[in-house]
Every structure is written in structure tokens, then in C-alpha cells.
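Below: the structure, in C-alpha cells.
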Amino acid sequence: MTAAPKPPSGQEGSFWKTKTLEEMSSAEWESLCDGCARCCLEKLEDEDTGQIYFTHVSCSLLDAGLCACKDYENRSRKVPGCVRLTPENVRTLNWLPPSCGYKLVAEGRDLYWWHPLVSGDPNTVHEAGVSVRGRVEGTEDDIPDADLEDHIVQWPERLPKRARLKKRPKVPKK
């Protein structure tokens, strides 16, 4: 018995469905970032289990209101631990949030309705409650590494209910 064919995604023909990560132009690659900034949160790893724990503490270069790096071009020089995503490492990094556009495309999955490439609006990532906007409690400059365990949070590993919907929820008319 064969499996039923997958229903069309609505994203067929879009570059992220027709190209491999390696085939994408620099602009296409950069546009896979949804602007959530969850990857810019400090993370802790349990050395025994490999379990990753997110905190609500951000990189010192993150503008938490804009969910953007304050110095994207020089980030690796200014923050030596900053990991530049590549087609190779997005397939193996265990700390990328489950909603990450790079991770979804690498796994052959569709982007969510709120991803700017799908919605056409860079604000839908915030509207869907996926971004770190309003949730960062401080930066790595403000909070010592020894205190990071006190700042572990669960939300970066989960998607809000409205973000999991198949399409953008209708806003009631006033």
C-alpha cells in the first residue's frame, strides 16, 4: 500500500521549495531568516545529556525591539561566539528554534504563514508572537554567565497557538 500524496503546500514554485540551500543566492539565503531573533538568545547546554536550555538573555548586539543585530556585518568579530549559519551547519545545529526558516527549509518543510517570505510583511513574525520582542530581560553584558541558569525559559522552544495556524487569523472588524 502506498502513502497518500502530500497535499500541495501553496508554496510550490517559491525559491525555498525549488532550490537547495546551497543553490540559493546570498539574498535568498538571508531572506530565510524570519526575524524572530530566538537564535540570538543565550543558551545553556547540559554537558551530560546535550539538552539545550534557552534563556531570555540576549546577545549584546541584539536590538530586542527591532529583533535585529545592531552590527550584523561585524557580528562575528565583535561577538566571537556568534555562529554564522551555513547550509552545512543548519542541518546539524541542535539549538535552532523549531520555527527557524533555515531549519524548516533544510528539512523540506513549509514556512509558516507568518514568515515574511509567505506573508509579505516583516511584522507578521511579531504579530504571531514568535519573535523575542518584549520578552528579553537583559543582555549578556547585563547578566553574568554564572546567573544564566536563573533565566532559563521554555517559550523559545515552543510556538504560540496562533503561529501554528495554517494561515493568518482574521482580525475582527471594529
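Quick check on Lys78: is it of a type in the set (Lys, Arg), surrounded by 11 or more Cβ atoms within 10 Å (Cβ to Cβ) and in contact with a strand residue (DSSP E or B) (Cβ under 6 Å, 6 or more places away or on another chain)? Before you say what the answer is, go through the steps one by one.
Details: of a type in the set (Lys, Arg): yes; surrounded by 11 or more Cβ atoms within 10 Å (Cβ to Cβ): yes; in contact with a strand residue (DSSP E or B) (Cβ under 6 Å, 6 or more places away or on another chain): no.
Judged against the criteria, Lys78 is not a match.
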Discussion item. With the condition being hydrophobic (A, V, I, L, M, F, W, C), over 22 Å from Lys166 (Cβ atoms) and over 14 Å from the mean Cα position of the chain (by Cα), I'd like the helices (runs of 4 or more DSSP H) fully within region 28-143 carrying at least 1 qualifying residues.
Written reply: none
Practice prompt. Would you check if there is a residue in region 40-62 being more than 20 Å from Leu93 (Cβ to Cβ), crowded, with 19+ Cβ neighbours inside 10 Å and out of contact with any Asp or Glu (no Cβ under 7 Å at 6 or more places or on another chain)?
Written response: no
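Are any of the residues in region 95-105 touching a helix residue (DSSP H, G or I) at 6+ places or on another chain (Cβ under 8 Å) and of a type in the set (Val, Ile, Thr)? Before you say what the answer is, go through the steps one by one.
Just the residues of region 95-105 that are touching a helix residue (DSSP H, G or I) at 6+ places or on another chain (Cβ under 8 Å), to begin with: 95-103, 105.
Narrowing further to those that are of a type in the set (Val, Ile, Thr): 105.
Yes; the residues of region 95-105 include at least one that is touching a helix residue (DSSP H, G or I) at 6+ places or on another chain (Cβ under 8 Å) and of a type in the set (Val, Ile, Thr).
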Worksheet entry | Selection from region 117-163 of residues that are within 20 Å of Val105 (Cα to Cα) and basic (Lys, Arg) | Arg158
Discussion item. Exactly one condition in (1) more than 23 Å from Leu148 (Cα to Cα); (2) in contact with a Pro (Cβ under 6 Å, 6 or more places away or on another chain) is false for Ser25; which is it?
Written reply: (2)
Worksheet item: For region 85-135, what are the residues that are among the polar types (S, T, N, Q) and surrounded by fewer than 17 Cβ atoms within 10 Å (Cβ to Cβ)?
Response: Thr86, Asn89, Thr92, Asn94, Asn123
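Read-outs throughout are calculated quantities, based only on the coordinates presented, and are distinct from any laboratory measurement. These numbers were taken from a predicted model, which means no experiment stands behind them. Cβ coordinates were reconstructed from backbone atoms using ideal geometry, including for glycine residues, and neighbour counts include every protein chain displayed.
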